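Have a look at the structure below before the remarks.
What follows draws every value from the coordinates through simple rules; no lab data is involved. For clarity, every value in this text was computed on a predicted model and none was experimentally measured. So basically every Cβ, Gly included, is an ideal-geometry build from the backbone, and we count neighbours across all protein chains shown.
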């Protein structure tokens with residue numbers, strides 16, 4: 001028998017002999033490994049995507065991404081509340097920032113960002129509900145070598161911030177007026193005291209010296225002196241009221257009599273009724289319970305409401321002010337026979353910066369501030385109005401029964 005030769009094969013030669021190097025078994029093993037790697041990568045991408053989406057949705061500002069053509073590509077959940085139509089996917093940046101011009105590169109933050117620049121602007125917008133709001137906008141370019149530049153835009157509603165800033169400015173203004181009024185009051189009170197004092201001294205002489213009253217040349221002097229004394233003290237009361245109003249509130253809370261507040265307001269503005277032919281009628285409940293609150297804030301409330309009533313009247317009319325206690329609430333109403341408020345505007349009068357007055361005659365803050373002060377006191381305010389007939393504002397505050 002022939003002797004069988006034994007040949008020694010190494011491992012690589014054996015794989016070539018068996019065909020494993022290019023067999024389907026090796027191919028499928030490699031594909032399986034690639035699939036596992038891709039699944040791990042996709043899982044990581046999904047985790048990162050969910051994290052970014054969570055961050056995106058957690059931002060309290062409106063966030064919009066515009067593509068390279070200036071059209072909305074993506075937006076977060078805040079945008080539909082701020083600008084439901086202007087930020088829908090596919091909408092042009094012109095719909096929000098320059099609706100009257102299709103291209104406005106110098107004014108549009110999106111077009112500036114697409115050009116590679118970061119831009120910050122502030123603008124006002126009247127939403128679908130008719131309310132005008134203030135917004136701060138920041139637009140930043142998103143640069144990616146593989147795609148064309150996009151724009152990332154943040155929209156922040158700063159209406160409340162603007163309102164608070166204006167309130168602080170008003171408070172500082174009133175504080176400055178208070179300092180000025182204090183100096184003026186001191187200079188006026190000194191001569192007024194002298195006038196009233198000398199008039200009272202002369203009046204006492206008429207009482208103690210009968211021969212003066214018998215002089216026919218001095219017949220009207222006593223009456224004149226009484227008028228001088230009365231008007232001097234009236235001037236002093238007006239100055240004291242002005243000082244009280246211009247004094248900056250320290251935020252302290254105490255028992256307040258609404259009738260006293262209203263009398264102080266009327267003392268300051270009664271001159272307007274004489275010059276503008278407005279009759280003031282008062283129906284103030286005598287035993288009105290006190291309310292717990294900030295006297296300075298409530299003065300501002302009733303000053304705003306009373307001044308609005310006066311400004312609504314042209315060519316003469318009536319302002320009726322009344323107070324009463326009912327169901328544990330102190331109620332004060334200011335009713336005027338002015339121009340009234342159109343029905344479609346009644347729901348907007350409490351909004352900051354809303355005003356029907358001419359430019360320069362009001363910022364639209366009076367009723368917004370009034371509403372906030374009343375709410376802080378746990379009260380409520382209502383309005384009834386008929387165009388061409390007049391308006392009635394009613395304030396209700398919790399009473400403090402003693």
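Would you please give the FRET efficiency between residue 159 and residue 179, computed as 1/(1 + (r/R0)^6) with r the Cβ-Cβ distance and R0 = 30 Å, to the nearest 0.05?
The formula returns an efficiency of 0.45 here.
For a label point 7 angstrom out from the Cα of residue 389 toward its Cβ, which stretches of the range 335-350 have the backbone nitrogen within less than 20 Å?
Under cut-off, by backbone N: 335-349.
Quick one: compute the contact order of the range 59-157, relative version, from alpha carbon pairs under 8 angstrom and 6+ residues apart, as a percent.
It rounds to 28 percent for the range 59-157.
At 7 Å along Cα-to-Cβ for each site, give me the label-to-label distance between residue 200 and residue 400 in nm.
Label-label distance for residue 200 and residue 400, simple model: 3.2 nm.
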